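Heads up: the structure comes next, in structure tokens.
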Amino acid sequence: IRTLVLPTPADVGEAAADEIAAVVAERPDAVLGLATGDSPLGAYSTLADRVQRGELDLSRARGFALDEYVGLDPADPQSYRSVIDRTVTTPLRMRRAVVRVPDGAAADLAAAADEYERALEESGVDIQVLGIGSNGHIGFNEPGSAFGTRTRVVELSERTRLDNARFFPSLADVPTHALTQGLGTIMRARRIVLVAIGERKADAITAAVEGPISVDCPASVLQAHPHVLLIADEAAGSRLT
Ligand code: F6R
């Protein structure tokens with residue numbers, strides 16, 4: 001894992017945007033793997049500024065979100081469909097129809113997961129943007145997830161539900177399950193950029209980069225991928241040796 005520790009979160013956003021823009025410059029119809037959450041927001045807003053200024057064109061790019069809560073209506077403001085529309089599709093002027101999000105409201109979730117996996121396999125992902133959970137999860141692959149996993153329904157850990165409770169009226173409103181790309185799915189991406197901001201991520205980042213490759217820290221599987229760039233701010237990178 002190539003590691004870049006930068007002074008501020010704004011620097012992290014710029015550097016992550018550079019990575020993504022470089023891929024799109026080479027391949028205008030690139031497939032972007034899209035994380036939600038706070039970590040990639042700086043990158044997305046930097047890209048949006050470049051699109052606005054006419055320096056970058058994402059109109060031919062496509063996308064796949066990493067995950068989606070189970071049981072939220074796609075129109076719910078907290079669904080990842082809504083988050084992706086608000087933070088990616090609209091500001092980056094991408095076509096909504098080619099930016100896919102798993103269907104967490106499907107009647108048959110297993111079938112929806114299989115279909116999403118097939119679509120991902122068919123199109124491939126040129127660059128996958130990832131955040132990391134304070135417990136080392138990527139996507140919603142919680143500790144204990146097998147490295148070969150594919151898109152599937154998972155139960156969220158208590159830690160993850162607590163971490164994400166800030167977006168909901170109360171903890172009881174945080175969904176208990178999600179559809180997520182698996183670790184095996186994520187590992188098929190051609191390039192990966194992992195973004196980490198804040199002291200809260202320092203232990204997870206250190207385990208991911210310097211620890212053993214272990215299901216106890218799902219992000220540690222990234223050590224086995226040939227093209228991963230970790231971009232951290234000083235706080236998140238503070239415990240790296
Ligand atoms: C989001 C996702 C999660 C987040 C992680 C970090 O689609 O899959 O793995 O990337 O929970 O969240 P933030 O960035 O909000 O700290």
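Does residue 195 count as surrounded by 24 or more Cβ atoms within 10 Å (Cβ to Cβ), in a strand (DSSP E or B) and either within 12 Å of the ligand (Cβ to nearest atom) or not small (Gly, Ala, Ser) (or both)? First the steps, then the outcome.
Details: surrounded by 24 or more Cβ atoms within 10 Å (Cβ to Cβ): yes; in a strand (DSSP E or B): yes; either within 12 Å of the ligand (Cβ to nearest atom) or not small (Gly, Ala, Ser) (or both): yes.
Answer is yes for this residue.
Any residue in the range 131-145 that's polar (S, T, N, Q): show its pairings with residues that are within 6 Å of the ligand (Cβ to nearest atom) at Cβ separation under 8 Å, as long as the two are six or more apart or on different chains. Qualifying pairs under 8 Å: 145/137. Selection within the range 24-38: residues that are surrounded by 18 or more Cβ atoms within 10 Å (Cβ to Cβ) and within 17 Å of residue 191 (Cβ to Cβ). The member of this set that is nearest to the ligand (Cβ to nearest atom) is 35. For the condition free of Cβ contacts under 8 Å to residues at least 40 places away in the same chain, away from the ligand (no atom under 15 Å from the Cβ) and surrounded by fewer than 23 Cβ atoms within 10 Å (Cβ to Cβ), residue 75 qualifies.
Residue-level check: of (1) within 21 Å of residue 120 (Cβ to Cβ); (2) surrounded by fewer than 19 Cβ atoms within 10 Å (Cβ to Cβ); (3) among the polar types (S, T, N, Q), residue 45 misses just (1). Only a single item in (1) in contact (Cβ under 8 Å) with a residue 60 or more places away in the chain; (2) touching an Asp or Glu at 6+ places or on another chain (Cβ under 8 Å); (3) surrounded by fewer than 24 Cβ atoms within 10 Å (Cβ to Cβ) is not met by residue 105, and it is number (1).
Being closer than 27 Å to residue 10 by Cα, of a type in the set (Asp, Glu) and more than 16 Å from the ligand (Cβ to nearest atom), is that true of even one residue in the range 205-214? If you could, list the steps in order and put the result at the bottom.
Within the range 205-214, the first condition is being closer than 27 Å to residue 10 by Cα, and the residues that meet it are 205-210.
Restricting the remaining residues to those that are of a type in the set (Asp, Glu) gives 210.
The next check asks that each one be more than 16 Å from the ligand (Cβ to nearest atom); those that pass are 210.
Looking for residues that are closer than 27 Å to residue 10 by Cα, of a type in the set (Asp, Glu) and more than 16 Å from the ligand (Cβ to nearest atom), one finds at least one in the range 205-214, hence yes.
I'd like to know if the range 179-188 contains one or more residues that are surrounded by fewer than 18 Cβ atoms within 10 Å (Cβ to Cβ), touching a Gly at 6+ places or on another chain (Cβ under 7 Å), in contact (Cβ under 8 Å) with a residue 12 or more places away in the chain and in a helix (DSSP H, G or I). Checking the range 179-188: at least one residue is surrounded by fewer than 18 Cβ atoms within 10 Å (Cβ to Cβ), touching a Gly at 6+ places or on another chain (Cβ under 7 Å), in contact (Cβ under 8 Å) with a residue 12 or more places away in the chain and in a helix (DSSP H, G or I).
Values quoted throughout were computed directly from the atomic coordinates according to the rules given, and no laboratory measurement underlies them. Quick caveat: nothing in here was measured; it's all calculated off a predicted structure. A quick note on method: Cβ atoms are made from the backbone with ideal geometry, for glycine too, and the neighbour counts reach across all protein chains shown.
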